[in-house]
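Some notes on the structure that comes next.
The values are calculated or read from the model by the stated rules, or taken from the named source; none is laboratory data. Keep in mind it's a predicted model, so treat the numbers as computed, not measured. As a convention, Cβ positions derive from the backbone with ideal geometry for all residues, glycine included, and neighbour counts pool all protein chains shown. The area values use the complete protein model at the heavy-atom level, side chains included, leaving out ligands, DNA and RNA. Shrake-Rupley method; radii C 1.70, N 1.55, O 1.52, S 1.80 Å.
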Amino acid sequence: MRTKKGYQTWLYEFLRFDILVECPKCSKRAIVKVSEPVFSKIKTEVKLTCMHCGFNKYLSPQKTTMYSLGVPFDPFFLTPLWLTKSYRKNILWAYNYQHLSFLKEHIAAQLRERNGQAFFNKSLASRLPKWMTSAKNRQNILDYIHDLEQK
Ligand SMILES: [Zn+2]
C-alpha cells in the first residue's frame, strides 16, 4: 500500500468521479462532470448540471482551464463544493464521496497507529493538512466526515 504519490496527485484522482458542487441557481446539489481523465493531457469537456432546477453550464474542450486544486471549489467553474464543513478556522472539504472516504480511511488509520508506526501510507497521511491529522483533532474530524457522508 506504500506510495510516493503526493496529496496533489491524489486530488487529481478524484476528478475522475463527478464533483459535487452547490448549484449557483438553487443552492442544491449539482454535479460537475469531466469527460476525460484530466491528467491525460487531452483537452476535456466539462459540464455542470443540476438535477433540481435544470441549471447547466458547459466548457468546450478548447475553453477548459483548470484552476488550482486544494481549495473548496471545483477547479473548472470555481463553484463552491457541496461537501464542506467549517472546522474552527479551517474548512473540511471533499470533491465527492470517494474523496471523503479516502480522508476517513487515512485519518482513521492514524488513530490506530501504535508506537509511532502507521499501518500504511504514512507518507501520504503526512501530506494531509496538519489540522486534519493532529492527534487532538482526529476524532472530531472523523465525526465531521461522518456528518458529510449523510449530506
Ligand atoms: Zn439548481
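Quick notes
- Label-point separation, Thr64 to Gln150 (7 Å along Cα→Cβ), nm: 3.6
- The accessible area of Asp143, taken with all protein chains in place and a 1.4 Å probe, comes to roughly 80 Å².
- FRET efficiency for Arg138 and Lys33, using Cβ-Cβ distance with R0 set to 25 Å, rounded to 0.05: 0.15
- Phi to ³J(HN,Hα) by Karplus 6.51 cos²θ - 1.76 cosθ + 1.60 over the stretch 17-25, Hz, x for Gly, Pro: 9, 4, 8, 8, 10, 8, 4, x, 9
- Surface accessible to a 1.4 Å probe, Trp131 within the full protein complex, Å²: 50
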